[in-house]
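See below for the structure under consideration.
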Amino acid sequence: MSAPVQKAPMLSVREALDLLLAAARPVEQVETVPTLEANGRVLAADQLATIDVPSADNTQMDGYAVRAADCASGAATLKVSQRIPAGSVGHALEPGTAARIFTGALIPPGADAVVMQEQAEAVGDSVTIHHAPRAGEWIRRKGEDIGAGAVILAAGARLRSQELGLAASVGLASLPVRRRLRVAVFFTGDELTMPGDVPPEALKPGAIYNSNRFTLRGLLENLGCDVEDFGIVPDSLEATRATLRAAAREHDLIITSGGVSVGEEDHIKPAVQAQGRLSMWQIAVKPGKPLAFGEVRRDVDADADAGAAHFLGLPGNPVSSFVTFLLFVRPFLLRLQGVTGRVEPQGYTVRADFDLPKGDRRNEFLRARLNAAGGLDLFPNQSSGVLTSTVWGDGLVDNPAGNRIAAGDPVRFIPFAELQH
């Protein structure tokens with residue numbers, strides 16, 4: 001009698017993620033793009049400031065530039081000797097006088113403080129200062145934000161609107177960035193059909209609309225990928241192999257959904273193995289669990305140095321596909337794009353306003369949403385096929401294996417906003 005087959009232990013979420021990130025090969029090609037068009041791109045080289053910001057001392061407020069010593073009484077009346085709007089340069093401030101000044105304007109020589117206009121009363125060509133300012137009050141000093149020569153943006157940063165504004169503030173009209181990641185997607189299963197091709201009342205028994213196609217493409221586009229959609233591939237080994245060959249040719253990553261469950265008859269596994277290599281992982285995560293990771297050679301008949309495209313096969317259930325993408329594919333993509341900082345989502349401690357009497361043996365990611373009291377409500381049906389939970393919810397509760405939750409307990413909550421950009 002043969003010994004029973006020993007199943008390999010399931011990987012933890014942390015172990016699976018570490019394996020993926022260790023295998024990520026960032027794209028090497030760099031291109032220079034206008035700063036106005038660099039949103040979402042990954043910076044390829046450190047960027048240095050060539051100027052001080054601000055370039056000179058200037059006022060934070062509309063008001064009056066004064067010598068603090070002239071206003072020590074708290075009720076000084078001074079002659080208004082000049083008016084300095086932003087973009088103009090004033091002349092030296094004489095003792096016993098004030099300069100009418102507007103936000104952003106340069107501080108005239110001789111002045112050492114600004115009094116906001118709400119603390120002053122203008123009468124004719126004079127102003128009474130109802131305040132005793134300290135030296136430096138409401139003045140932005142030269143270089144206070146950025147000093148010339150400082151690294152303002154580090155290589156590997158994913159550029160957001162604030163990074164673009166910072167680059168522009170030192171005059172950077174263009175930025176070196178890594179090229180966009182090229183991702184191919186396709187979907188297998190003769191049961192799949194597209195909305196619009198067949199009306200709901202005419203769907204054949206067992207047929208379903210391909211919702212994963214829309215979800216995955218949206219997620220990839222949110223991450224700034226160039227996506228090529230190979231559509232629904234017929235359920236045959238040769239069709240699957242042909243699509244893999246075509247997808248690998250000009251793409252960095254191939255993503256599929258469905259056909260990766262243990263024991264399931266499908267053509268993804270033999271097709272990828274014929275074109276490259278494949279590891280079938282069982283991950284202690286719910287929803288999710290099956291994940292296929294490997295690579296597809298770009299041209300099996302060509303030079304051995306042609307390289308390979310990464311391959312990720314996601315579960316077919318819509319919520320499993322969605323959550324697996326957020327937990328594993330998104331960090332992997334960010335590393336491929338060249339992001340060097342944290343690629344995992346930030347979680348926050350939030351109060352649970354629900355009970356979960358029994359924890360699962362796997363690490364669960366529960367769909368929940370914030371309520372008006374600042375706590376979390378749980379979607380009543382946590383099945384991997386209930387896509388409405390992802391629309392209703394604001395994010396995921398990261399619940400460790402075997403953990404029960406009682407109302408009032410603190411839980412780790414990951415907002416969808418942390419996971420989709």
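Odds and ends about this structure:
- Other-chain or far-sequence residues with amide H under 5 Å of Gly40's (modelled H): Leu159, Arg160
- Calculated FRET efficiency, Ala56 to Ala417, Cβ-Cβ distance, R0 = 41 Å: about 0.55 to the nearest 0.05.
- Tilt relative to the chain, helix 13-23 - C-alpha long axis, 0 to 90 degrees, to 10: 80
- Per-q log10 I(q)/I(0), the chain, q = 0.07 Å⁻¹ (Debye; single scatterer per alpha-carbon; no solvent): -0.53
- Solvent exposure, largest accessible area first (probe 1.4 Å, DNA, RNA and ligands not counted), of Asp394, Asp46: Asp46, Asp394
- Where Cα atoms sit under 22 Å apart: lysine pairs in the chain separated by 8 or more or lying on different chains: 6
- For region 142-246, size of Cβ-based charge dipole, Lys and Arg +1, Asp and Glu -1, in debye: 500
- Taking all protein chains as shown and a probe of 1.4 angstrom, Arg14 keeps an accessible surface of around 110 Å².
- Normalising by residue count, region 59-171 has a Cα convex hull of 116 Å³ per residue.
- For region 184-303, the convex hull spanned by the alpha carbon atoms encloses 130 Å³ per residue.
- In loop segments of region 128-195 as defined by DSSP, the GluC sites (Glu not before Pro) with at most 14 further C-beta atoms inside 10 Å of their C-beta are Glu144.
- Dipole of the chain, positive end: most advanced residue of Gly402, Gly206, Ala23 [Cβ charges, Cα centre]: Gly402
- Relative to the longest principal axis of the Cα atoms of the chain, the long axis of helix 237-249 lies at roughly 30 degrees.
- Couplings for region 332-345, taken from phi via the Karplus curve 6.51 cos²θ - 1.76 cosθ + 1.60 with θ = phi - 60°, read 4, 4, 4, 5, 4, 6, x, 5, 9, x, 5, 10, 8, x Hz in order; Gly and Pro are left as x.
- Sequence of Lys286, Lys142 from largest to smallest accessible area, 1.4 Å probe: Lys142, Lys286
- Full-extension gain in nm, Ala23 to Ser161, via 0.36 nm per residue minus C-alpha separation: 46.7 nm
- Across the protein chains, with a 1.4 Å probe defining accessible surface, the residues Leu106, Leu93 rank Leu106, Leu93 from largest area downward.
- Contour excess over end-to-end distance, with Cα ends at Asp229 and Glu31 and 0.36 nm allotted per residue: 68.8 nm
- FRET efficiency, 1/(1 + (r/R0)^6) with R0 25 Å, evaluated for Glu344 and Ala406 via beta carbons: 0.35
- Once the Cβ-Cβ distance of Val151 and Ser126 is raised to the sixth power relative to R0 = 51 Å, the FRET efficiency obtained is 0.60.
- Convex hull (Cα only) mean projected area of region 309-421, reported in nm² to one decimal: 7.7
- Cα-based helix-to-principal-axis angle, 211-222 vs the chain, degrees rounded to 10: 30
- Amide H contacts under 5 Å for Ser126, placed H, 5+ residues apart: Val80
- Rounded accessible area of Cys225 (nearest 10 Å², 1.4 Å probe): 10
The values are calculated or read from the model by the stated rules, or taken from the named source; none is laboratory data. Computed from a predicted model, the values in this text were never measured in an experiment. All Cβ positions, even for glycine, are placed from backbone atoms using ideal geometry, and neighbour counts span all protein chains on display. Note: accessible area is taken over every heavy atom of the protein model, side chains too, but ligands, DNA and RNA are not part of it. Shrake-Rupley method; radii C 1.70, N 1.55, O 1.52, S 1.80 Å.
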